[in-house]
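The values are calculated or read from the model by the stated rules, or taken from the named source; none is laboratory data. In this text, all values refer to a predicted model and were calculated from it rather than measured experimentally. Cβ sites come from the backbone with ideal geometry, for glycine too, and all protein chains shown count toward neighbours. What goes into the accessible areas is simple: the full protein's heavy atoms, side chains included, and nothing from ligands, DNA or RNA. Shrake-Rupley method; radii C 1.70, N 1.55, O 1.52, S 1.80 Å.
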Amino acid sequence: MKQIQMNKNPSFSLISTKKIIQMNNISTSYDSKSFALKGINMSIERGTNYAVVGQSGSGKSTLLKLMNGMMIPSNGTIKIDYVTPKMNDKKFKKMMHTIGYIPQNLGLVKNITVLENILIGALPRIGKISSLFKKFPKEELDEAKRILNLVGLGNKESRKAYMLSGGEKRRVAIARALMQKPTILLADEIVSELDHVTAREIMNLIADAQKTMNLTAIMVHHDMQLALEYADRVAVIKEGEKVLEIGVEGDTIVDFQTGDMDIEEIMETYADDSKK
Amino acid sequence: MTPKNNIVIGIIVALVVIASYNMDADPVKFFEGLPNLGIILEEVILVEPKYIPTALWAMFETIQMAFIGTAVGVAISLPLSMLAARNLNSKFVYAPIRALLAAMRTFPSILWALLFVIMVGSGSFAGILAIIMYTIGFIAKLQYETIETIDSDPMDAVDSIGVSKSQLIRYVVIPESASHLLSQILYMFDYNVRQTSILGLVGAGGIGFYIINYIKFFEYGKAAIFMLIVLITVLVIDWASVKIRDKFIIKSQHGMEISSN
Ligand SMILES: Nc1ncnc2c1ncn2[C@@H]1O[C@H](COP(=O)(O)OP(=O)(O)O)[C@@H](O)[C@H]1O
Ligand SMILES: [Mg+2]
């Protein structure tokens, strides 16, 4: 609780050194007619398990693409670990190596094996020439196998990615991101289409990795229930605007705009969002 | 069938008739000429079987030329197609490469062959060079178009890690397009065998050289035997490449469907 109250005062310098993501009045658009995101302010502390919830088309995926530098905002400033994302910028490119991004469609390479998909996460650390011959140092191969076991795919390393089930594909995508030795993990609706049990298995996997690797996880969800279950913080986006940001600690929820709020009330207000 | 369509069809038919008149194209002559085929058929039966090994050897030479031409052409076209793909390069890279490839495609292979006969003299080498040039212009276009249809999800995901372009090509572009590229290469080889068979007409080697010479000396029977060998060979290669495609390529063309919202 203490931590959440301190966050109310972002100008306090000691705390702001912990901010891994800072968005200041961000707006962005795909075309000249409308904004996909409007006036977003967001600051995320290192090591947080952060969730973004909102209806389809509210701008959640766009928000994640801003965080990994795939999109540049049209207005406002954004800093990822104190670096401003820029296309073709050496400093930011180095940062991209350690941002694990799992897009909504996972982005696996379907005609290569599970192990090769995971090793893609290590490519920035490998010499260009040897990587072209698929030659990886032993320690990278060992690391890939360790992660493979961690995500529970130890026996599927030579299977082609297209042959996997939906749950298994998600595990591969997580493994590829973890192979990057990430400091930030971005996951876009990674469990939205899974059944209840598999969804929680995947969420537990990420939660464990997040704690042991001291990751900052930013996960987009469709389902408020799931977000509240796993996240320390939940931001709610509606039509491109952040309408709510709540801190979660056990059964207590703190709303930063209106003060304390009851969990039932939040669920009632946003239950619709998760079902539409 | 709308009235508008009828008018369009009417215009096309009228144009065909007018153009035929202009070209001196007379269907009656076609039917009057049919008995001449009978004469050739008679001559075919009279041809001594000792010409068949020669024909087979000439065909083998033709296949070799097509094989070398296809292999070298593909080896050159593959990197060019990577540079010509819009999803991998900036306009300043792909636009000039595309223009170059388009220019190469404007020449049919027989014109390339003529050019190389003038350059390096008549014979198979000129033919191989012609096949290489034609293959580059033709297959590079098929290949960059294939590369441009690769699913953008893995491209974006891997790109966002900050890998180099060569790594992106090695780990996403090639695996995701390999089966299509391979079947295009097979098709190209098949096509090149047919093309190489006629390059002899301008002195660029291969079985066409025999065919044109027999025709010149009115030995239609022998010419027909050689043409028959070409026909059979092309059918066999066609059949074999369908088999190869079915067995090795189609099998690996599975999509990964994850619906999105
Ligand atoms: N590539 C795109 N081109 C144009 N508009 C887009 C594109 N991607 C998303 N949008 C629009 O931006 C808005 C936000 O989209 P998105 O961030 O994908 O929402 P969400 O992930 O919450 O479903 C939507 O109105 C969507 O139609
Ligand atoms: Mg989305």
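Here are some conditions: (1) within 14 Å of chain B (Cβ to nearest Cβ); (2) closer than 23 Å to A:LYS181 by Cβ; (3) away from ligand 2 (no atom under 16 Å from the Cβ). A:GLU45 meets all but one. Which one does it not meet?
(1)
For every residue, the table says whether it meets (1) open to solvent by 10 Å² or more (accessible area, probe 1.4 Å); (2) in contact (Cβ under 8 Å) with a residue 60 or more places away in the chain; (3) assigned to a strand (DSSP E or B).
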residue	(1), (2), (3)
A:ASN25	yes, no, yes
A:PHE35	yes, yes, no
A:ASN41	yes, yes, yes
A:TYR50	no, yes, yes
A:VAL53	no, yes, yes
A:SER56	yes, yes, no
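Go through the range B:107-219 and tell me which helices (runs of 4 or more DSSP H), entirely inside it, have 2 or more residues that are small (Gly, Ala, Ser).
B:109-120, B:124-148, B:152-159, B:174-199
If a residue has to be away from ligand 2 (no atom under 16 Å from the Cβ) and surrounded by fewer than 23 Cβ atoms within 10 Å (Cβ to Cβ) to count, how many in the range A:183-193 make the cut?
Counting residues in the range A:183-193 that are away from ligand 2 (no atom under 16 Å from the Cβ) and surrounded by fewer than 23 Cβ atoms within 10 Å (Cβ to Cβ) gives 1.
Taking into account only those residues within the range B:245-256 that are open to solvent by 70 Å² or more (accessible area, probe 1.4 Å) and in contact with a helix residue (DSSP H, G or I) (Cβ under 9 Å, 6 or more places away or on another chain), which is modelled with the lowest pLDDT?
Result: B:HIS254.
Restricted to the range B:151-163, and to residues that are within 21 Å of A:SER131 (Cβ to Cβ) and open to solvent by 20 Å² or more (accessible area, probe 1.4 Å), which residue is farthest from the other protein chains (Cβ to nearest Cβ)?
B:ASP159
Per-residue answers, yes or no, for (1) open to solvent by 40 Å² or more (accessible area, probe 1.4 Å); (2) over 21 Å from the mean Cα position of the chain (by Cα):
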{"position": "B:TYR191", "(1), (2)": "yes, no"}
{"position": "B:GLY200", "(1), (2)": "no, no"}
{"position": "B:GLY208", "(1), (2)": "no, no"}
{"position": "B:ALA223", "(1), (2)": "no, yes"}
{"position": "B:MET227", "(1), (2)": "yes, no"}
{"position": "B:LEU231", "(1), (2)": "yes, no"}
{"position": "B:TRP239", "(1), (2)": "yes, no"}
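Please verify whether the range A:142-158 includes one or more residues that are in a loop (DSSP other than H, G, I, E, B), within 12 Å of chain B (Cβ to nearest Cβ) and either away from ligand 1 (no atom under 16 Å from the Cβ) or under 27 Å from A:ASN204 (Cβ atoms) (or both).
Checked against the condition, which is being in a loop (DSSP other than H, G, I, E, B), within 12 Å of chain B (Cβ to nearest Cβ) and either away from ligand 1 (no atom under 16 Å from the Cβ) or under 27 Å from A:ASN204 (Cβ atoms) (or both), the range A:142-158 yields no hits at all.
Can you name the condition, by its number, that B:GLY69 falls short on among (1) in a helix (DSSP H, G or I); (2) at pLDDT below 95; (3) surrounded by 15 or more Cβ atoms within 10 Å (Cβ to Cβ)?
(2)
Could you run through the range B:102-136 and say how many residues are under 18 Å from B:VAL193 (Cβ atoms) and surrounded by 15 or more Cβ atoms within 10 Å (Cβ to Cβ)?
Result for the range B:102-136: 17.
Being under 18 Å from A:ALA51 (Cβ atoms) and in a helix (DSSP H, G or I) is the filter here; which residues of the range A:174-187 pass it?
A:ILE174, A:ALA177 - these are the residues of the range A:174-187 that are under 18 Å from A:ALA51 (Cβ atoms) and in a helix (DSSP H, G or I).
Considering each of B:ALA84, B:ALA55 in turn, give the residue that is at pLDDT below 95 and small (Gly, Ala, Ser).
Of the residues listed, the single one that is at pLDDT below 95 and small (Gly, Ala, Ser) is B:ALA55.
Among the residues of the range B:46-58 satisfying the criterion of being over 13 Å from B:SER124 (Cβ atoms) and in contact (Cβ under 8 Å) with a residue 60 or more places away in the chain, which is surrounded by the fewest Cβ atoms within 10 Å (Cβ to Cβ)?
My answer is B:LEU46.
Any idea which residue in the range B:168-199 is nearest to the other protein chains (Cβ to nearest Cβ), counting only those that are closer than 17 Å to B:PHE107 by Cα and among the polar types (S, T, N, Q)?
Among those that are closer than 17 Å to B:PHE107 by Cα and among the polar types (S, T, N, Q), it is B:ASN192.
Could you tell me how many of the residues in the range A:199-256 are in contact with a Pro (Cβ under 9 Å, 6 or more places away or on another chain) and surrounded by fewer than 19 Cβ atoms within 10 Å (Cβ to Cβ)?
The number of residues fulfilling the criteria is 1.
Could you go through the range A:167-180 and let me know if any residue there is more than 25 Å from A:THR212 (Cα to Cα), touching a helix residue (DSSP H, G or I) at 6+ places or on another chain (Cβ under 8 Å), facing another protein chain (nearest Cβ under 9 Å) and open to solvent by 10 Å² or more (accessible area, probe 1.4 Å).
Scanning the range A:167-180, I find no residue that is more than 25 Å from A:THR212 (Cα to Cα), touching a helix residue (DSSP H, G or I) at 6+ places or on another chain (Cβ under 8 Å), facing another protein chain (nearest Cβ under 9 Å) and open to solvent by 10 Å² or more (accessible area, probe 1.4 Å), so the answer is no.
Going residue by residue through the range B:28-47, is there one that turns out to be of a type in the set (Phe, Trp, Tyr) and under 30 Å from B:ALA140 (Cα atoms)?
no
Take the residues in the range A:60-84 that are surrounded by 22 or more Cβ atoms within 10 Å (Cβ to Cβ) and part of a loop (DSSP other than H, G, I, E, B), then tell me which one is farthest from ligand 2 (Cβ to nearest atom).
For the range A:60-84, the residue satisfying everything is A:GLY69.
Which residues, taken from the range A:130-178, are free of Cβ contacts under 8 Å to residues at least 12 places away in the same chain, over 26 Å from the mean Cα position of the chain (by Cα) and more than 25 Å from A:HIS97 (Cβ to Cβ)?
A:ASN155
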